[in-house]
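The values are calculated or read from the model by the stated rules, or taken from the named source; none is laboratory data. Since we're looking at a predicted model, the values are computed, not measured. Cβ atoms come from the backbone with ideal geometry, glycine included; neighbour counts cover every protein chain shown.
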Amino acid sequence: MQNICILCGTNNYAQKLYESNVRDEDLNERVFSARRLPDRLHGTILRCKKCGLVYASPLIDTATLADLYKTSAYTYSGEETYIKKTYARYLARLANELNVRKTPRTYLDIGCGNGFMLEAAKELGFQEVLGAEPSSHAIAQAADSVRGGIAQGMFSAELIGENRVDALTCFQTVDHITDPVAFVAECLRVLKPGGLALFINHNIGSFTARILGERCPMIDIEHTYLHTPQTMKILFEKEGFSDIRTFAVRNDYPIHYWAHLFPGPKKIKEPLISFLKKNVVGKIVIPLYAGNLGLIAQKPNL
C-alpha cells in the first residue's frame, strides 16, 4: 500500500531519496531475519522535508510481514554478549529510576528474540520479566528461566495485557513496524501509570547515515520508518507520553561485527568476517557512537 508521512499526515513534503531494487523473490524469511549480512535491498525510500522522517512507500502489508517474521531465523546468537552489554547499560537507567531492588517491578521486552534481555533484566533486579516475539525459531532458543514469559506474536496490548508492566523496552524494532503510531499507543496501554519506555533504534540523521547514503545498512527492505531524535520525540508526544528524553547510544561491538555492518562486496566481507571471528584481533571490542539513538519516556500518572 502507498504510504505517507505518519507525523505530518501527507506526502506534500515528500522527497524521493532512492528507487526500489526489490524483487518479489526477496520477500522471504531469510531476508527478514534479524541482523543478516547487509545486502542493500530496499524499497522506494522517501524523506519528509518538513519533519525529517524517512520512510518506505509502498509498504509491505502487515499480514505478510507477520508471516515473514514468524518464520524468520534467529541468526545472531554469537553476538548476544555484546548486544546485551550495550542494551543493559541503558536498561539500568530504568531499573534505577524504578528502584527495582526495593520495589517489585515487571519488565517487558518487545521483539525479545531468544530472551537474552529478559535475563539481563532479572540480573538488574526486575522481579517478573515478559517478552513479545513473533519468531518460533527465536523462542525455541530461549533459556528455560525466561521462555515461559515470552508470548508469541506481533506485539499488542491484547497479547500482553493493559496496565501490565512497569518498564518496557524496544530495541531495534520500531523501524520494522508498519504503523508506529498505533504501536506506540499500544506501548502506552501496556504500561502502568508512571511506567517507563526505553527505545533504541537507528538515527537516520546521524553522521554515519549522512556519509554512507544509500550504502548505509539503515536503508534496508526491513525498515519501514527511520527516525531522528526529533521525529521520535514528536511521535511519543502525539501518543500521550511525557518526560521524553533522547540521547546518542554507544555500541560496544567486536571488530568482526563492525566489519559485518560496514558496506562492502559480499564476496570480500564473508571471508574477512570469518577470519576476524577466529582471530584475536577480530574479537577486540571497540565502543562507537555509530548512528543509534535512544529514547526514554514515561506514561503519565493518572
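If we only count helices (runs of 4 or more DSSP H) wholly inside region 52-145, which ones have 1 or more residues that are touching a His at 6+ places or on another chain (Cβ under 9 Å) and either closer than 30 Å to Arg210 by Cα or at pLDDT below 95 (or both)?
Numbers: elements: 62-70, 80-97, 116-124, 136-140.
Correct list: 62-70.
For the subset of region 169-212 comprising residues that are hydrophobic (A, V, I, L, M, F, W, C), free of Cβ contacts under 8 Å to residues at least 60 places away in the same chain and crowded, with 17+ Cβ neighbours inside 10 Å, which member is farthest from Leu94 (Cα to Cα)?
Of all residues in region 169-212, those hydrophobic (A, V, I, L, M, F, W, C) come to 170-171, 174, 177, 181-185, 187-188, 190-191, 196-200, 204, 207, 209, 211-212.
Imposing the further condition that a residue be free of Cβ contacts under 8 Å to residues at least 60 places away in the same chain reduces the set to 174, 177, 182-185, 211-212.
Subsequent filtering for residues that are crowded, with 17+ Cβ neighbours inside 10 Å retains 174, 177, 183-184.
Working: Val174: 19, Ile177: 24, Phe183: 20, Val184: 18 Å.
That would be Ile177.
Within region 241-299, how many residues are part of a strand (DSSP E or B) and over 17 Å from Phe199 (Cα atoms)?
Of the residues in region 241-299, 7 are part of a strand (DSSP E or B) and over 17 Å from Phe199 (Cα atoms).
For region 223-240, how many residues are in a loop (DSSP other than H, G, I, E, B) and surrounded by fewer than 21 Cβ atoms within 10 Å (Cβ to Cβ)? Outline the logic, then answer.
Pass one, region 223-240, residues in a loop (DSSP other than H, G, I, E, B): 223-224, 228, 239-240.
Those still in the list that are surrounded by fewer than 21 Cβ atoms within 10 Å (Cβ to Cβ) too: 228, 239-240.
Of the residues in region 223-240, 3 are in a loop (DSSP other than H, G, I, E, B) and surrounded by fewer than 21 Cβ atoms within 10 Å (Cβ to Cβ).
Among the residues of region 131-149, is any surrounded by 22 or more Cβ atoms within 10 Å (Cβ to Cβ) and in contact (Cβ under 8 Å) with a residue 60 or more places away in the chain?
yes
In region 265-283, how many residues are of a type outside the set (Ser, Thr, Tyr) and surrounded by 12 or more Cβ atoms within 10 Å (Cβ to Cβ)?
Of all residues in region 265-283, those of a type outside the set (Ser, Thr, Tyr) come to 265-273, 275-283.
This time we only want the ones that are surrounded by 12 or more Cβ atoms within 10 Å (Cβ to Cβ), so: 269-270, 272-273, 275-277, 279, 282-283.
The number of residues fulfilling the criteria is 10.
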